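The values are calculated or read from the model by the stated rules, or taken from the named source; none is laboratory data. Quantities reported herein were computed from a predicted structural model and do not represent experimental measurements. FYI the Cβ positions are ideal-geometry reconstructions off the backbone, even for glycines, and counts take in every protein chain you see. Side chains are part of the model used for accessible areas, which takes the heavy atoms of the whole protein and leaves out ligands, DNA and RNA. Shrake-Rupley method; radii C 1.70, N 1.55, O 1.52, S 1.80 Å.
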Amino acid sequence: MIFCVEDDESIRSLELYTLRAAGFEAEGFPDGDSFRKTLRAERPELVILDVMLPGESGVELLKKMKASEHTREIPVIMATAKGAEYDKIQSLDLGADDYLVKPFGMMEMVSRVKAVLRRCRPVRNREILAAGNLVVDLVEHTVMADGERVALTFKEFELLRLFLSAPGTAFTRERLLANIWGGEYSGETRTVDMHIRTLRQKLGNYGAMIETVRNVGYRLEEKP
């Protein structure tokens, strides 16, 4: 939910229409009183707050938001008049996350809203395994090598995950079969060698990190 605090009804209506068209829920307020009343009952994702409001100014409302434990973490974009440099600086000093200079375009507004939300939303906890610039995201089930996506089969991904979870550990072919294939496979250990070969090829330069341990199996050694 985005709250838009703007006393000009035509501007407020256009802001709400544009935000809703962009996929956001949005609610508008003509003054600080109605805004604060709703804010006590509902916590928005972001507030677009005009500086020049009847009664209590946007700057005063921003001060109160940042002074309250309940609202201080809500991102705020201030809308300032063209040439009002002091309002812009004061708002940023008080904790505003961004500002818009009137008159501003609606697409600029949406772009700034999205940018602030990206910065301010909590980062999703991620489970990452990495060796240098070889990065495995266990949640997204992706592999990146030097910033480039590497497409692996499920078994190749699981082999790499196992190696990266225990670098330097020598895994026998039998252990790899038991860990990756489980009870579904009862064939020769040669299938491990085949998967290791294709995994090395797909990893490019990083494939050399998967070393053959003679008469044992394989291990991953991170290169300096």
I'd like the residue in region 67-79 that is part of a loop (DSSP other than H, G, I, E, B) and touching a strand residue (DSSP E or B) at 6+ places or on another chain (Cβ under 8 Å) and, out of all such residues, is surrounded by the fewest Cβ atoms within 10 Å (Cβ to Cβ). Ile74
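Can you tell which of Arg190, Arg219, Arg175 is without any contact (Cβ under 8 Å) to a residue 24 or more places away in the chain and open to solvent by 60 Å² or more (accessible area, probe 1.4 Å)? I'd like the intermediate steps shown before the answer.
Numbers: Arg219 fails: without any contact (Cβ under 8 Å) to a residue 24 or more places away in the chain; Arg175 fails: without any contact (Cβ under 8 Å) to a residue 24 or more places away in the chain.
Arg190 is the lone residue from the list that is without any contact (Cβ under 8 Å) to a residue 24 or more places away in the chain and open to solvent by 60 Å² or more (accessible area, probe 1.4 Å).
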What residue, of Leu100, Leu117, is farther than 19 Å from Leu39 by Cα, open to solvent by less than 70 Å² (accessible area, probe 1.4 Å) and touching a strand residue (DSSP E or B) at 6+ places or on another chain (Cβ under 8 Å)? Leu100
Tally of residues being closer than 24 Å to Arg43 by Cα and basic (Lys, Arg) across region 63-114: 6
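In region 137-157, which residues are more than 22 Å from Leu177 (Cβ to Cβ) and assigned to a strand (DSSP E or B)? First the steps, then the outcome.
First, pick out the residues of region 137-157 that are more than 22 Å from Leu177 (Cβ to Cβ): 137, 139-140, 142, 144-151.
Result: Asp137, Thr142, Met144, Ala145, Glu148, Arg149.
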Scanning region 103-114 for residues that are aliphatic (A, V, I, L, M) and either within 21 Å of Thr71 (Cβ to Cβ) or surrounded by fewer than 13 Cβ atoms within 10 Å (Cβ to Cβ) (or both) gives Met107, Val113
Identify all residues within region 7-43 that are assigned to a loop (DSSP other than H, G, I, E, B) and more than 13 Å from Met109 (Cβ to Cβ); write none if there are none. Asp7, Asp8, Gly23, Glu25, Pro30, Asp31, Glu42, Arg43
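Report whether or not Ile210 is hydrophobic (A, V, I, L, M, F, W, C), closer than 24 Å to Glu127 by Cβ and at pLDDT 95 or above. Reasoning before the result, please.
Working: hydrophobic (A, V, I, L, M, F, W, C): yes; closer than 24 Å to Glu127 by Cβ: yes; at pLDDT 95 or above: yes.
Yes, satisfied.
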For a quick check of your reading of the model, give me the residue pairs whose first member lies in region 89-104 and is in contact (Cβ under 8 Å) with a residue 12 or more places away in the chain, whose second is part of a helix (DSSP H, G or I) and of a type in the set (Ser, Thr, Tyr), with beta-carbon atoms closer than 9 Å and at least 6 apart or on different chains. Tyr99/Ser91
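Across region 12-22, what is the number of residues that are in contact (Cβ under 8 Å) with a residue 60 or more places away in the chain, over 18 Å from Arg118 (Cα atoms) and surrounded by fewer than 22 Cβ atoms within 10 Å (Cβ to Cβ)?
Keep residues of region 12-22 that are in contact (Cβ under 8 Å) with a residue 60 or more places away in the chain, which gives 14-15, 18-19, 22.
Add one more test, that the residue is over 18 Å from Arg118 (Cα atoms), and what stays is 14-15, 18.
Checking which are surrounded by fewer than 22 Cβ atoms within 10 Å (Cβ to Cβ) leaves us with 14, 18.
Counting residues in region 12-22 that are in contact (Cβ under 8 Å) with a residue 60 or more places away in the chain, over 18 Å from Arg118 (Cα atoms) and surrounded by fewer than 22 Cβ atoms within 10 Å (Cβ to Cβ) gives 2.
Yes/no matrix, rows are residues, columns are (1) closer than 17 Å to Arg121 by Cα; (2) surrounded by 15 or more Cβ atoms within 10 Å (Cβ to Cβ); (3) out of contact with any strand residue (DSSP E or B) (no Cβ under 6 Å at 6 or more places or on another chain):
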position	(1), (2), (3)
Phe24	yes, yes, no
Asp33	no, no, yes
Arg36	no, yes, yes
Ala41	no, no, yes
Asp50	no, yes, no
Gly55	no, no, yes
Met65	no, yes, yes
Ala81	no, no, no
Lys88	no, yes, no
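Just a yes or no: is a residue in region 81-94 modelled with pLDDT of 90 or more and in contact with a Leu (Cβ under 9 Å, 6 or more places away or on another chain)?
no
Identify, from the list Arg119, Arg126, the residue that is at pLDDT below 90 and assigned to a helix (DSSP H, G or I). Before you say what the answer is, go through the steps one by one.
Working: Arg126 fails: assigned to a helix (DSSP H, G or I).
Matching residue, one of Arg119, Arg126: Arg119.
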